[in-house]
Amino acid sequence: MYPRLKIDLAKYKHNVESVTALCGAHGISVMAVTKVFCGDQRLVDVLNATDVAYIADSRLDNLERIRTGKPKVLLRLPSVNEIERVVRIADISLNSEWTTLKALDGVAGSLQMKHGVVLMIDIGDLREGIYYKENVMEMVKGIIDLRHLTLSGLGTNLTCFGGIIPEENTLKKLIDVKRMIEATLNVRIPLVSGGNSSHLHLLHKGHHMPDIDNLRIGEALILGRETAFGDPLEGMYQDVVTLEADLIEVKHKPSIPEGEVGMDAFGRKPHFENLGLMKRGILALGRQDVDYQELKPCDEHIRLIGSSSDHIIVDLTHTDADYSVGDRVDFTLTYGSLLRLMTSPYVRKTYVDKV
Ligand SMILES: Cc1ncc(COP(=O)(O)O)c(C=O)c1O
C-alpha cells in the first residue's frame, strides 16, 4: 500500500555506529534523538543495540511508548502542567525555569523518585535556556539544594532557532559558565551537553572543545548530514528513509489551467508557466502528509508542479522512464518532509534490514 516510507534499519545502524565512533573518539557520549521518527520502536531497537548512552525525545508521548533499557531524556522543557508525567516517564529533563524545577522536586518527592536535570544555558541562539550573562549560579545552587533532583549537567542548543553555528568562541561561553560553577561551588558538573547535529562539523575538522562530553544527535543519524552547513557526512547514508508513492493518474494535458483563475484549495491565487503540452502524473498523497517542495525525486528528470490536500502533481514529460498508472515514484527526504511524513497516519512504513 502506498504512500509508504521505506526505512532501512541496517543503514540507520551504520550511521549510528559512525556517529558514536566519531563522538567516542573525542570522549563524547551520545543522546540519540528519536523525535523526527516519532519514537518508532523498530528504529529505537536499533539504538538499543548500539553504544548510544541515552534515548532523547521532545515529546512525552513518544518517550512513554519507547521501550529501552537506556535512560530516557525529555528534550523540550517540561510543561509545569504535566510534571507528574514527566517524572514518571523521563529519567532526565532539560530545564531553565525555577517554577518548573520546584514542581519537579515536589512531585519527585511525593513519588519517592529522583529526577535528573540538565540546566540549559542560552549562549546566543535565543531559544531555551538561562541567558549566559544572567545569574546562573543562583539557579545551580537552588537545584543542588532540592532533595529530589539531581543536577545531571549543563546543556546548550544551537542552530535550531537562531541558526547560530557552533564555533569555538560561541561554545567557550558555555565552558566558562561550567568552569565558574565548578570553581565557585566546589562541585563537579557531571555532563556538558554541547549541542546537536550542527556540532559534528567541529569534530569532523578535528576540533574538540574541551569540557564538552555529550551531544544530542537526531538528524545526522537518519539523514547522514551535519546541520551547521547541511553537508553530507563522509561514509554515512543519506537515504535511510525514502518515500514511495504511486501514480493514480497519468495524462497529457496543457501546462496552464483554462478559465478565470480564482483561489486554490488553500486560498492562494496560483501562477503557472506555459510549457506547452505535458505528460502529467498525480501521486496519491498531498499537503495533509507533506510539503511537496521538501521532496526530492530519485528520478531527477521528474519535476514537482504543485499539490492540494490529497494530491501531488508531477511533470513526467522529460523523464526517460515510461510512467503509467500504478507505477511507483520514489523520493529522498529533507528533515521537514521526514518529520511530516512520519507524523501522518496515512503514510505506511516498511522496514528493510540489509545494506
Ligand atoms: C534540545 C534539542 N537537542 C537536540 C536536538 C536534535 O537536533 P538534531 O536533529 O539537529 O541533531 C533537538 C531537536 O530535535 C533539540 O530540540
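A few comments on the model shown:
- Fewest-first sequence of Ile55, Ile217, Ile83 by Cβ atoms within 10 Å of each Cβ: Ile83, Ile55, Ile217
- Applied to the range 205-213, the Karplus parametrisation 6.51 cos²θ - 1.76 cosθ + 1.60 on θ = phi - 60° returns per-residue 3J(HN,Hα) values of 7, x, 8, 9, 7, x, 6, 7, 10 Hz, with x for Gly and Pro.
- Of all DSSP-defined beta bridges confined to the chain, some 45% are antiparallel rather than parallel.
- Coil-residue GluC sites (Glu not before Pro) of the range 168-268, DSSP, other Cβ within 10 Å capped at 14: Glu234, Glu258, Glu260
- Between helix 98-110 and the chain there is an angle of about 80 degrees, using the helix long axis and the longest principal axis of the Cα atoms.
- Neighbour-count order for Leu191, Leu277, fewest beta carbons within 10 angstrom listed first: Leu277, Leu191
- Gap separating the Cα centres of the range 33-76 and the range 203-271, nearest whole Å: 22
- Sequence-distant residues sharing a close amide H with Ile305 (under 5 Å, placed H): Ile313, Val314, Asp315
- Here the relative contact order of the chain, from alpha carbon pairs under 8 Å that lie six or more residues apart, stands at 19 percent.
- Counting every other Cβ atom within 10 Å of each residue's Cβ, Tyr54, Tyr237 order from fewest to most as Tyr237, Tyr54.
- Average projection area in nm² (convex hull over Cα atoms of the range 252-303, one quarter of hull surface): 4.7
- Once the Cα atoms are used to define both axes, helix 9-25 deviates from the longest principal axis of the chain by about 40 degrees.
- Where only DSSP H runs of four or more residues are counted, the chain gives -8000 deg cm²/dmol as its mean residue ellipticity at 222 nm, each run worth -39500 (n - 2.57).
- For the range 134-260, alpha-carbon Rg and Dmax in angstrom: 22.6, 76
- Amide H to amide H distances under 5 Å link Ser193 with Leu154, Gly155, Thr156, where only residues 5 or more positions off or on other chains count and H is placed in the peptide plane.
- Qualifying lysines (Cα of each under 20 Å from Cα of Lys205; at least 8 residues distant if same chain): Lys172
- Close amide H partners of Leu285, meaning residues 5 or more places away or on another chain with modelled amide H under 5 Å apart, are Ile312.
- Span from the the range 99-166 Cα centroid across to the the range 306-328 one, whole angstrom: 49
- Kirkwood estimate for the chain, i.e. one over the average of 1/r between Cα atoms, Å: 22.3
- Computed over the range 129-209: relative contact order in percent, which uses C-alpha pairs under 8 Å that are six or more apart: 36
- Along each principal axis, Cα extent of the range 241-352, largest first, Å: 45, 35, 20
- Listed by chain and number, the lysines whose alpha-carbon sits under 20 Å from that of Lys296, ignoring those within fewer than 8 places in the same chain, are Lys6, Lys11, Lys279, Lys349.
- Over the range 241-352, relative contact order from alpha-carbon pairs under 8 Å, at least 6 apart, %: 33
FYI, it's all coordinate maths here, none of it is from the lab. The structure displayed is predicted, hence computed values, not measured ones. A quick note on method: Cβ atoms are made from the backbone with ideal geometry, for glycine too, and the neighbour counts reach across all protein chains shown.
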